[in-house]
1. Residue 120 versus (1) touching a helix residue (DSSP H, G or I) at 6+ places or on another chain (Cβ under 7 Å); (2) at pLDDT 95 or above; (3) not assigned by TED's automatic domain parsing to the domain that holds residue 96: which is the lone unmet condition?
2. Scanning the stretch 11-26 for residues that are of a type outside the set (D, E, K, R) and not in a loop (DSSP other than H, G, I, E, B), which turns out nearest to residue 116 (Cα to Cα)?
3. Just the residues that are crowded, with 19+ Cβ neighbours inside 10 Å and small (Gly, Ala, Ser), please, taken from the stretch 205-224.
4. Filter the stretch 58-75 down to residues that are exposed (fewer than 12 other Cβ atoms within 10 Å of the Cβ) and outside any helix (DSSP H, G or I) and give me whichever is farthest from the chain's Cα centre (by Cα).
5. Restricting attention to the stretch 195-225, which residues are of a type in the set (Val, Ile, Thr) and over 21 Å from residue 15 (Cα atoms)?
6. Taking residue 78 as meeting all but one of (1) surrounded by fewer than 17 Cβ atoms within 10 Å (Cβ to Cβ); (2) of a type outside the set (A, V, I, L, M, F, W, C); (3) touching a residue at least 12 places away in the same chain (Cβ under 8 Å), write down the number of the exception.
7. Can you pull out the residues in the stretch 170-221 that are in contact (Cβ under 8 Å) with a residue 60 or more places away in the chain and among the charged types (D, E, K, R)?
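The values are calculated or read from the model by the stated rules, or taken from the named source; none is laboratory data. Since this is a predicted model, take the numbers as computed values, not measurements. Don't worry about glycine lacking a Cβ; one is built from the backbone with ideal geometry, like all the others, and counts go over all protein chains shown.
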Amino acid sequence: MRQPLTITAAQALSNIKPPTCLIDARSPAEFALDHVPGAINLPVLDDQEREIIGTLHATHPFEARRRGAAMVAVNIARMLEGPLASLAPDTPMVVYCWRGGNRSGALATILARVGWKTSVVEGGYKALRAVLVRDLDRLSQGLQFQVLAGRTGVGKSRILQALERLGAQVLDLEALAKHRGSVLGGLPGEPQPSQKHFEALLWNTLRNLNPKRVVFVESESKKIGQRHVPDTLIRMMRASPCCRIEASLELRSELLLEEYQHFIREPDQLVRQLDCLVGLHGHAVIDQWKQWMHQGQWITLTRDLLAHHYDPSYDKSMQRNYRLIASAQSFELASSEPRAIELLAHALMLSGSTRIEPLSIAP
């Protein structure tokens, strides 16, 4: 009869791809805060049960273990009849909890006795997190970046998406952070991931990139919304070659208005965000922006925001942080049409500054 094996966090992270089933046995709240990308949440105790047992354990340890075991047994039975019922007998199982102790051990023992090849991660989530953070530095240092620079509204995110469709390697930090990176950059209805989970998602992206090929990335700040880009990664980005994307003020305004339609639909959100800029621009300027907004003069408002807020801020940041921008090759975006964005992305891939190595194609 099988017994669960014990593996290190590094071993677990090196093997989180199908057909392995990676199981996070912690509570839903713990899982929501952060988890290893690719893991499924099968809690042996839910949030309420965990709180009950934790409180009881402080005064009656034996009773807490007895009641906890009963809860765990019921929950594991539901898993076996539910999400685990259709898994093939040869599916490898890897289980972790907070520290690799009681919760993961209880689940792993049952899975192994059923017949699945089951492993428990020694040290649990805490050990996995430590290895992941260490790997972030190593992975960042092993990549060669090409930074897409350009003032707000030139379509850098759209160009990154076009590059990815064309087969280039892309690191889209704003997509991972669920934020466009500016004071107005929050995505409607999409809260940002926790800092820990942002780093986990970043780790998962970096580990799948080929270090022999260039990685296109946007000229981000250290902070994207409320999430911080890891120090080693931002340092590598700032030391990398840049290419400058340019577009007319009219085109940039058009692109921004397409991306920020939620402010037109719900102007009260924009009012709250504009109030955050009073310290930078004063009440008179903010009141003028609000007046244009209430009058529906969106083009006027957008152009003024670009000229007097975004452009000066971006230029100052680039001169301070991305020193190679001075020698960057420029690429002009002609229109907002998808074909124009695709042509620009293709030109970036063909540019000698990208250092893309030819891909070998089997005959």
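1. Exception for residue 120: condition (3).
2. First pass over the stretch 11-26, keeping only residues of a type outside the set (D, E, K, R): 11-16, 18-23, 25.
Right, trim to not in a loop (DSSP other than H, G, I, E, B) and you get 11-13, 21-23.
Values: 11: 18, 12: 16, 13: 19, 21: 11, 22: 13, 23: 13 Å.
Going through the qualifying residues, I end up with 21.
3. Once the filter is applied, which keeps residues that are crowded, with 19+ Cβ neighbours inside 10 Å and small (Gly, Ala, Ser), the stretch 205-224 yields only 219.
4. Applying the filter and picking the extreme gives 59.
5. 214, 215, 217, 224
6. Unmet condition: (3).
7. Passing the criteria: 180, 196, 199, 207, 212, 213, 218.
Quick grid of which residues meet (1) closer than 30 Å to residue 236 by Cα; (2) charged (D, E, K, R); (3) touching a Leu at 6+ places or on another chain (Cβ under 6 Å); (4) not in a helix (DSSP H, G or I):
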{"site": "110", "(1), (2), (3), (4)": "no, no, no, no"}
{"site": "128", "(1), (2), (3), (4)": "yes, no, no, no"}
{"site": "147", "(1), (2), (3), (4)": "yes, no, no, yes"}
{"site": "162", "(1), (2), (3), (4)": "yes, no, no, no"}
{"site": "175", "(1), (2), (3), (4)": "yes, no, no, no"}
